[in-house]
1. Please pick out the residue among Ala85, Ala94 that is at pLDDT 95 or above, of a type in the set (A, V, I, L, M) and exposed (fewer than 12 other Cβ atoms within 10 Å of the Cβ).
2. Of the residues that sit in the range 97-107 and are within 22 Å of the chain's Cα centre (by Cα) and not hydroxyl-bearing (Ser, Thr, Tyr), which one is surrounded by the fewest Cβ atoms within 10 Å (Cβ to Cβ)?
3. For the range 149-170, which positions are over 24 Å from Leu19 (Cα atoms) and either buried (at least 18 other Cβ atoms within 10 Å of the Cβ) or modelled with pLDDT under 95 (or both)?
4. How about the range 16-50: which of its residues are small (Gly, Ala, Ser), touching a helix residue (DSSP H, G or I) at 6+ places or on another chain (Cβ under 6 Å) and more than 19 Å from Gln137 (Cβ to Cβ)?
5. Assess whether Thr12 counts as being surrounded by fewer than 19 Cβ atoms within 10 Å (Cβ to Cβ), modelled with pLDDT of 95 or more, β-branched (Val, Ile, Thr) and assigned to a loop (DSSP other than H, G, I, E, B).
6. Please tell me if Pro28 is outside any helix (DSSP H, G or I), free of Cβ contacts under 8 Å to residues at least 24 places away in the same chain and closer than 30 Å to Pro122 by Cα.
7. What number of residues within the range 105-155 are closer than 18 Å to Glu95 by Cβ and touching a residue at least 60 places away in the same chain (Cβ under 8 Å)?
8. Which members of the range 76-119 meet the condition of being farther than 15 Å from Val38 by Cβ, in contact with a Ser or Thr (Cβ under 9 Å, 6 or more places away or on another chain) and assigned to a helix (DSSP H, G or I)?
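The values are calculated or read from the model by the stated rules, or taken from the named source; none is laboratory data. Keep in mind that what you see is a predicted model, and the values were worked out from it rather than measured. Cβ sites come from the backbone with ideal geometry, for glycine too, and all protein chains shown count toward neighbours.
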Amino acid sequence: MKVFSTSAEIYTHVLRERLEGKRVGLVPTMGALHEGHVSLVRQAKSVCDRAVATIFVNPTQFGPKEDLSKYPRTLNEDLEKLDQAGCDYVFTPAELQMYGEGHSTYVEPPQVASRWEGEIRPGHFRGVCTIVLKLFQMIPADIAYLGRKDYQQLAVIRAMVRDLNIPVCIEACETIREPDGLAMSSRNRYLSHEQRHRALGLIRALRIAERLVERGERDVQAVESAMRQELLAAPVDSIDYAAIVDPVTLEPIAEIESSVVAIIAARLGSTRLIDNATIIARR
């Protein structure tokens, strides 16, 4: 595994691989890697000739009330995990490499970014789109592997790639969960033992939504109400949203007719967790 810190180095190596007919898979991350990230690398290796991971804590996607300095930085452990997963190249740029002196160009996110996380974290998706586009420019991969756990982020990046004609395929990979169902997240490490137990309210709420739809419930408000009741019973400390939305636009819907996505964001102490589930309404 080779580690690069400049865009010129990683671009040169990836372009050479492409010119030699190799398929390249890209896994962009902010580090603090867990099995969910590692699974993306394994997926890239199973399909592509070369796998590239990036580790960069992107300052532009943090809001004014979000503490960038507290984001976990575990570079040595991350590199070991990537090496064990068979990653070929890792890009670990410094902030000045990604945002040089006088940097003032940013990407306006697509419409799908406007609700939910976009409302609660103003400017977040502007930062996400900007850094992801920059990474796609620096690392001309064939396929980018993203997890479904950050469902809205996945939808935002898909829309950006479509709208800006970026020549990369977006591959969505399933959420990796702990044995008890909690979605793996870098934020889970901040949960106390008691909070970790209460956090299972998220997966229980999603499973309740799935069961209700499977049994024929088509009223969105009824399903959302059941999700919120389960979250409050956990209990979580607060609910940012618990909603049933269109799987493409993420807009609210009036009635469940086919495929929908249940999305949740809730807080336990100072830790904010998100999760989601795709639900198919059988006729």
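1. Working: Ala85 fails: exposed (fewer than 12 other Cβ atoms within 10 Å of the Cβ).
Sole residue among the options that is at pLDDT 95 or above, of a type in the set (A, V, I, L, M) and exposed (fewer than 12 other Cβ atoms within 10 Å of the Cβ): Ala94.
2. Val107
3. Within the range 149-170, Lys149, Asp150, Tyr151, Gln152, Gln153, Leu154, Ala155, Val156, Ile157, Ala159, Met160 qualify.
4. Gly31, Ala32
5. Values: surrounded by fewer than 19 Cβ atoms within 10 Å (Cβ to Cβ): yes; modelled with pLDDT of 95 or more: yes; β-branched (Val, Ile, Thr): yes; assigned to a loop (DSSP other than H, G, I, E, B): no.
When the stated conditions are applied, Thr12 does not pass them.
6. Details: outside any helix (DSSP H, G or I): yes; free of Cβ contacts under 8 Å to residues at least 24 places away in the same chain: no; closer than 30 Å to Pro122 by Cα: yes.
Against the criterion (outside any helix (DSSP H, G or I), free of Cβ contacts under 8 Å to residues at least 24 places away in the same chain and closer than 30 Å to Pro122 by Cα), Pro28 does not qualify.
7. Step one: filter the range 105-155 for residues closer than 18 Å to Glu95 by Cβ, giving 105-107, 123-124, 126-135, 137-139.
Going one step further and asking which of them are touching a residue at least 60 places away in the same chain (Cβ under 8 Å), we end up with 123-124, 126-128, 130-132, 135, 138-139.
Counting residues in the range 105-155 that are closer than 18 Å to Glu95 by Cβ and touching a residue at least 60 places away in the same chain (Cβ under 8 Å) gives 11.
8. Gln97, Met98, Gln111, Val112
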